[in-house]
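Heads up, the thing below is written out as structure tokens.
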Amino acid sequence: MISELALKKTSVRLNPTGSVLIAMYGATIGKVGILTFPATTNQACCACLPIQVYNKYLFYFLLSNKEKFIKQGEGGAQPNISKEKIIATLMPLPPLAEQRRIVAKIEELLPYIENYTQTETKLNALNTTFPTQLKKSILQQAVQGKLVPQNPDDEPASVLLERIRVEKQELIKAGKIKKDKNESVIFRRDNSHYEMVNGVERCIDDEIPFEVPESWQWERWGNISISIQYGYNAAAQSTGRIKMVRISDIQNNTVMWDSVPFCDISEADIETYKLKTNDILFARTGGTVGKSYLVKDVPEDAVYAGYLIRTRYSLLLCPEFLKYFMESELYWSQLRSGTIATAQPNCNGKTLANMFIPIPPFEEQRNIVKRISQLFKYCEKL
């Protein structure tokens with residue numbers, strides 16, 4: 001507050017109602033307003049008292065010059081414009097009656113401009129997110145069996161999964177993999193889904209995310225996996241015997257091989273952690289938890305780092321279909337349910353192994369992959 005006496009004894013001026021104010025300093029340069037009551041201003045604000053000028057006309061004129069004032073204030077540590085620069089600004093001055101008509105027209109059009117701006121903002125946001133949302137929708141249609149037509153001549157997925165179980169039994173007998181104590185068999189009976197684990201059968205209808213075509217089969221990721229193996233923990237080095245792929249080396253579904261570091265690892269451990277074509281890597285911790293990568297080629301010998309999990313699966317399945325599953329909302333929703341929410345979120349191999357995945361007949365897997373690839377190319381052009 002400033003008293004009447006203080007006003008009389010100082011150069012501070014009491015600006016009357018209707019004065020147009022304009023900000024002169026900092027990030028608010030060019031901001032304007034009209035006084036609705038008598039007030040003083042400090043050095044950061046210039047008050048313009050209109051004489052034979054409609055104050056609202058002056059207000060809109062100054063507002064139209066905001067960008068110009070901002071540029072005039074650039075260059076210093078604290079951007080500012082002087083009163084002299086404001087005064088020196090040329091202003092077209094129509095008759096007073098026309099000033100009022102101009103203001104009336106501006107205020108008539110402003111609501112339309114604001115609506116247009118809001119609509120444009122929404123449209124820009126939609127254009128930005130639409131390709132991503134469309135891809136998600138395509139993947140959802142794919143995993144639900146709605147993307148390509150069903151072929152009654154295709155071998156049912158139940159037969160395919162039985163062959164995978166036989167294949168795994170042979171690998172166990174040969175000592176190449178260990179028996180999974182939690183391995184299960186999922187089957188249908190009387191329009192319901194059941195799971196058999198260690199001889200105990202239970203109905204899992206409440207756990208099944210959605211219905212799939214008759215020729216498809218629900219399965220757990222662990223049942224189709226030959227192995228789910230954690231990565232090798234070692235310090236990154238600029239030179240060495242073998243390269244070590246880390247989470248940060250995978251960008252946009254591509255390994256940046258030129259920047260992949262080396263590591264020290266014994267010859268005895270290399271075979272355990274060595275990457276091979278069609279392996280799928282899975283980030284188990286940090287901001288990229290759940291991120292996956294299908295190994296399409298390995299140009300040089302490489303292992304994978306400790307924050308990654310490698311999953312190998314039966315080659316009776318289509319690798320690209322499995323990778324697309326790991327980009328679908330069905331995968332991500334299950335991952336979120338199994339992720340440990342800490343300062344450094346993490347997910348383990350058990351969560352991945354326990355995930356439900358819908359398995360189509362093999363030929364349909366290939367047709368789905370082909371169709372997704374075609375549709376994603378259109379999405380990239382949007």
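For segment 328-382, the ratio of Cα radius of gyration to the globular rule of thumb 2.2 N^0.38 Å stands at 1.54. About the centre of its Cα atoms, the chain shows a dipole size close to 1620 debye [charges on the beta carbon of Lys, Arg (+1) and Asp, Glu (-1) only; nearest 20 debye]. For a Förster distance of 41 Å, can you work out the FRET efficiency between the beta-carbons of Y116 and A236, rounded to the nearest 0.05? In this case the efficiency is close to 0.20.
Taken about its Cα centre, segment 98-235 carries a charge dipole of roughly 560 debye when the Cβ of each Lys and Arg holds +1 and the Cβ of each Asp and Glu holds -1. Annotation: amide H of G18 within the under-5 Å range of L35, T36, F37, sequence separation 5 or more or interchain, hydrogens built in the peptide plane.
For segment 23-104, taking the reciprocal of the average inverse distance between every pair of different Cα atoms yields a Kirkwood hydrodynamic radius of 13.6 Å. The fraction of all Cα pairs in segment 205-258 landing in successive 5 Å bins from 0 to the largest distance is 4, 12, 15, 14, 13, 11, 11, 10, 6, 5, 2, given as whole percents. Anyone know which of C203, C318, C46 comes out most mobile in the 10 Å Cα GNM of the chain? Of C203, C318, C46, the Gaussian network model singles out C46 as fluctuating most.
Each residue of segment 215-224 was assigned a 3J(HN,Hα) from its phi angle through the Karplus curve 6.51 cos²θ - 1.76 cosθ + 1.60 (θ = phi - 60°); the sequence is 7, 8, 8, 6, 8, 9, 4, x, 6, 9 Hz, with glycine and proline shown as x.
One Cα centroid belongs to segment 155-170, the other to segment 102-116; the line between them spans 69 Å.
Of I270, F282, M256, whose Cα points farthest to the positive end of the dipole of segment 220-282 (charges on the beta-carbon: +1 Lys, Arg; -1 Asp, Glu; origin at the Cα centre)? Selected residue: F282. Over all Cα atoms in segment 101-244, the spread is summed up by Rg and Dmax: 27.3, 92 Å. When the surface is traced with a 1.4 Å probe over the full set of protein chains, T17 keeps roughly 80 Å² accessible. Plainly put, segment 229-382 has a radius of gyration that is 0.98 times its Kirkwood radius, both from alpha-carbon atoms, as the Rg/Rh ratio.
For the pair L96 and D180, label points projected 7 Å from Cα toward Cβ lie 8.8 nm apart. One compactness figure for the chain is 1.61, namely its Cα radius of gyration divided by 2.2 N^0.38 Å. Most mobile of R371, R189, R336 per a Gaussian network model of the chain (Cα springs, under 10 Å)? The residue that fluctuates most here is R189. Under 18 Å Cα-Cα from K83, which aspartates and glutamates qualify once same-chain neighbours fewer than 8 residues away are excluded? Filter leaves E67, E74. Under 12 Å from a point 7 Å along the Cα-to-Cβ line of S373: which residues of segment 299-325 have their amide N that close? Output list for this probe position: 319-321. Taking the protein heavy atoms of the chain in the context of the full set of protein chains, the accessible area attributed to carbon and sulfur is 54 percent at 1.4 Å.
Give the cross-link partners of K146 among the lysines, using a straight C-alpha distance below 23 Å as the criterion and excluding same-chain residues fewer than 8 apart. Cross-link targets: K135, K136, K323, K370, K377. Here segment 190-223 and segment 28-90 have alpha carbon centers that stand 71 Å from each other.
The values are calculated or read from the model by the stated rules, or taken from the named source; none is laboratory data. Bear in mind that the values here come from a model prediction, so they are computed numbers and not experimental data. Here the Cβ is made from the backbone with ideal geometry for all residues, glycine too, and neighbour counts use every protein chain on show. Side chains included, ligands, DNA and RNA excluded: accessible areas come from the protein's heavy atoms. Shrake-Rupley method; radii C 1.70, N 1.55, O 1.52, S 1.80 Å.
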